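Below is one structure, written out as structure tokens, with a few remarks after it.
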Amino acid sequence: MKRFFLVFFLSGVCAALFGQQKGVREEVVITTGSKKTKVSSGDSDTLRLEVSSKDFSRIKAAGYVSYRDFGAKGDGKADDIDAIAAAHAFANENALPVKAGAGATYYIGGKSRTAIVRTDTDFGNAAFIIDDTGVEDRNAPVFKVNSNLKSYKVKTLSTLKKNQKRVDIPLSGPSLVTVTNSNVKHYIRFGLNQNNGSAQTDIFVVDKDGNVDMDAPIIWDFDQITDASVLPIDEKPLKITGGRFTTIANQAESKYTYYARNIAVRRSNVLVDGLEHRITGEGEHGAPYGGFITVGECAYVTVQNTVLTGHRMYSTIGAAGKPVSMGSYDLSMNRALNVSVINCSQTNDINDSRYWGVMSSNFCKNILYDKCIFSRFDAHQGVANATIRNSTLGHMGINAIGTGTLIVENSTIRGRTMVNLRSDYGSTWQGDFIIRNCVFVPAGGRPVAASLIGGTYTGKHDFGYQCYMPRRIVFENLRIDDTNHPENYQGPTIFANFNPAMTDSSYEEKFPYMKTQEVVLNNVTTASGKPLRVSDNAFMFSDVKVVTGKD
């Protein structure tokens with residue numbers, strides 16, 4: 001007969017089933033017959049499991065763990081999160097994959113419990129209902145994909161140079177290194193969501209000998225390092241497949257209290273394949289979401305064949321004391337390298353401005369979109385190298401600041417500009433743009449005065465770094481579909497009017513903007529028949545060299 005029970009402990013003291021305490025490390029004690037094994041499993045409370053020898057043998061013989069093995073009902077009514085967490089804890093201890101029940105519907109209520117995933121997991125065609133209408137801890141993920149490898153601090157790394165090729169630190173194998181200088185602030189945001197910036201940060205991959213992967217190089221000079229951590233990279237892939245997830249949206253006040261009831265990937269070398277996420281129950285107000293799939297502090301992650309959903313747009317009062325629209329995401333990346341998003345789409349109309357852009361990123365390197373249909377691509381606090389190909393982007397288009405090379409190819413962009421350099425972070429890109437074999441539909445076909453590169457820069461605000469426009473921009477085989485345009489339309493421009501006040505040499509920039517050196521135009525055509533112009537601000541861009549012909 002099956003024997004198991006779950007008892008929850010907080011700091012070693014038995015608690016009621018629903019009792020929780022923030023910040024207590026979760027530990028799992030698995031009892032199998034006379035054998036007891038204690039394993040670390042996350043960031044919540046203690047989960048105690050007892051499994052009979054007979055059941056242990058049965059599960060091992062099956063070769064996988066099911067949620068039903070640990071009491072999940074799968075009827076869409078009973079809260080199954082404890083059983084789900086228990087199944088993963090057992091699977092982690094015994095290195096077994098997890099499979100959801102075919103056709104099951106798992107209801108997950110608002111309890112603060114996270115299922116720690118360290119083994120392959122097949123959600124199959126099972127449905128998961130995540131009810132956010134009453135949540136104990138909005139910051140607690142539902143699933144957290146973790147590594148068995150442990151991060152550690154490094155005290156011997158004191159300085160770094162941009163493009164440095166090697167670091168001399170103790171390493172057990174290929175690793176992800178994150179460094180911070182808390183005494184230097186970057187990304188000092190300007191505008192309605194203004195802030196005092198973020199500590200200088202860099203993240204990079206090294207091999208076992210400390211050689212830096214130069215495809216994602218160090219991008220800042222560090223005169224001082226106040227914190228450095230190393231996370232070994234899992235070399236064996238972990239797969240998360242299938243699953244039909246529905247979030248019943250929170251009904252909280254519309255302010256910046258982000259919800260993280262999601263799948264949080266915090267392990268390198270992970271594939272998420274074939275997942276679907278939908279949202280229901282959005283009302284007249286609600287708190288924003290930080291992403292249903294979040295990828296952070298890791299490298300080599302692929303999300304493919306996945307369907308996501310844009311969140312309804314709400315407004316609040318921003319840091320400047322004025323109303324702002326709140327960003328709410330279904331896919332986000334933070335401090336992550338080599339993230340690929342392949343053959344993915346969203347359930348709602350990518351041109352419907354009632355819904356916020358589906359993706360955001362911060363402190364990332366080497367992001368790829370391939371065969372995606374999304375409302376936008378967005379890099380807030382910098383991306384080093386990004387590629388968008390074979391994709392269609394909707395009403396929010398491409399928004400980015402960063403370094404390296406931005407490549408856009410074989411894609412249709414329906415934003416207000418082809419690429420918008422985010423003005424709240426200095427409209428900066430230190431590197432090159434390559435745009436080829438694309439179609440640009442300004443503002444999704446609405447009558448606007450079209451510009452290919454958008455942004456704003458006054459030269460009066462200190463963003464914490466020198467700001468650049470792309471050094472070199474190549475447009476090759478670009479079709480501008482400006483069929484609909486306003487009266488007195490003179491034709492599209494390469495650059496928007498970044499600073500209407502800069503009309504002659506008397507204008508002084510306290511923080512000078514490094515302008516584009518060269519633009520290459522090869523087979524750029526317009527549906528209106530109007531010629532492509534440099535900018536409405538002829539003075540600001542008077543030194544830009546425009547070359548027509550083959551790159």
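The values are calculated or read from the model by the stated rules, or taken from the named source; none is laboratory data. On a predicted model such as this, the values are computed, not experimentally measured, just so you know. Methodologically, a virtual Cβ is constructed for each residue, glycine included, from the backbone with ideal geometry; neighbour enumeration extends over all protein chains shown. Remember, those area values only see protein heavy atoms, side chains included, never the ligands or the DNA or RNA. Shrake-Rupley method; radii C 1.70, N 1.55, O 1.52, S 1.80 Å.
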query: If each Cα of the range 273-388 is one equal point scatterer, what is log10 of I(q)/I(0) from the Debye formula at q = 0.12, 0.13, 0.16 Å⁻¹?
result: -0.42, -0.49, -0.73
message: Considering all alpha-carbon pairs of the range 347-392, what whole percent are spaced by more than 11 angstrom?
response: 68 percent
task: Quick one: P(r) of the range 421-551 from all Cα-Cα pairs, 10 Å bins, percents rounded to integers, in order of increasing distance.
output: 12, 42, 34, 11, 0
- prompt: Any idea how far apart ARG471 and ALA320 come out in nm if each label point goes 7 Å out from Cα toward Cβ?
  reply: 3.2 nm
query: When all C-alpha to C-alpha distances in the range 488-551 are sorted into bins of 5 Å, what percent of pairs does each bin hold, rounded to whole numbers?
result: 4, 15, 24, 23, 16, 10, 6, 2, 0
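Ratio of the range 440-505's C-alpha Rg to 2.2 N^0.38 Å, to two decimals?
Working: Rg = 14.6 Å, N = 66, 2.2 N^0.38 = 10.8 Å.
Ratio of Rg to 2.2 N^0.38 Å for the range 440-505: 1.35.
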statement: Once Lys and Arg are counted +1 and Asp and Glu -1 for all other residues with Cβ under 12 Å from that of THR347, the total becomes -2
field: Three-way shape call for the range 151-289 based on the alpha-carbon gyration tensor, with the a/c threshold at 1.5
entry: oblate
- request: For ASP504 and ALA199, calculate 0.36 nm times their separation in residues minus their Cα-Cα distance, and state this gained length in nm to one decimal.
  value: 106.2 nm
query: Is the range 168-229 best put as rounded, prolate or oblate by its Cα gyration tensor, with a ≥ b ≥ c the root eigenvalues, rounded for a/c under 1.5, and otherwise prolate when a/b is larger than b/c, oblate when not?
result: prolate
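How much area per residue is accessible in the chain when the probe is 1.4 Å and only protein heavy atoms are counted (Å²)? Don't skip to the answer; put the middle values down first.
On the way: 22520 Å² over 551 residues.
Roughly 41 Å² per residue, with all protein chains present.
Subtracting the Cα-Cα distance from 0.36 nm times the residue separation, let me have the gained length for ASN484 to ARG446 in nm, one decimal.
Computed gain between ASN484 and ARG446 is 13.1 nm.
Hey, what D do you get for the range 429-478 in µm²/s if you plug the Kirkwood alpha-carbon radius into Stokes-Einstein at 25 °C and 0.890 mPa s? Each step should come with its number before you reach the end.
Working: Rh = 13.3 Å.
Reported coefficient: 184 µm²/s.
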task: Once you have a ≥ b ≥ c as the square roots of the Cα gyration tensor eigenvalues for the range 111-203, tell me rounded if a/c is under 1.5, and otherwise prolate or oblate according to whether a/b is larger than b/c.
output: oblate
query: Hey, what do the phi angles of the range 85-93 turn into as Karplus ³J(HN,Hα) couplings, whole Hz, using 6.51/-1.76/1.60 and θ = phi - 60°, x for Gly and Pro?
result: 5, 5, 4, 5, 4, 5, 4, 4, 5
message: For ASN262, what residues show an amide H to amide H distance below 5 Å, using hydrogens built from the backbone and excluding near sequence neighbours?
response: VAL142, PHE143
message: What would the Debye equation give as log₁₀ I(q)/I(0) for the range 383-454 at q = 0.12, 0.14, 0.17 Å⁻¹, counting only Cα atoms as equal point scatterers?
response: -0.28, -0.39, -0.57
message: On a full-extension model of 0.36 nm per residue, what is the gain between ASP168 and ALA252, subtracting their alpha-carbon distance, rounded to one decimal in nm?
response: 25.4 nm
statement: Quick numbers on the chain, Rg and Dmax over C-alpha atoms in Å, give 25.2, 87
- request: Report, to the nearest whole %, how much of the accessible area of the chain belongs to carbon and sulfur atoms, 1.4 Å probe, protein only.
  value: 48 percent
- prompt: If you take the charge dipole of the range 171-283 about its Cα centre, with +1 on Lys and Arg Cβ and -1 on Asp and Glu Cβ, which of ASN195, TYR259, PRO174 is farthest toward its positive end?
  reply: TYR259
field: Cα-projected label distance for ALA538 with THR280, points at 7 Å along beta-carbon direction, nm
entry: 6.0 nm
message: I want to check the label-to-label distance for GLN224 and ASN523. Put each point 7 Å from Cα in the C-beta direction and report it in nm to one decimal.
response: 5.5 nm
message: What three numbers, in Å, describe the spread of the alpha carbons of the range 70-140 along their principal axes, ordered from the longest?
response: 34, 26, 17
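Given the peptides 225-236, 204-215, arrange them by the average over their residues of other C-beta atoms within 10 Å, most packed first.
Working: 225-236: 17.5, 204-215: 15.8.
The packing order, highest mean first, is 225-236, 204-215.
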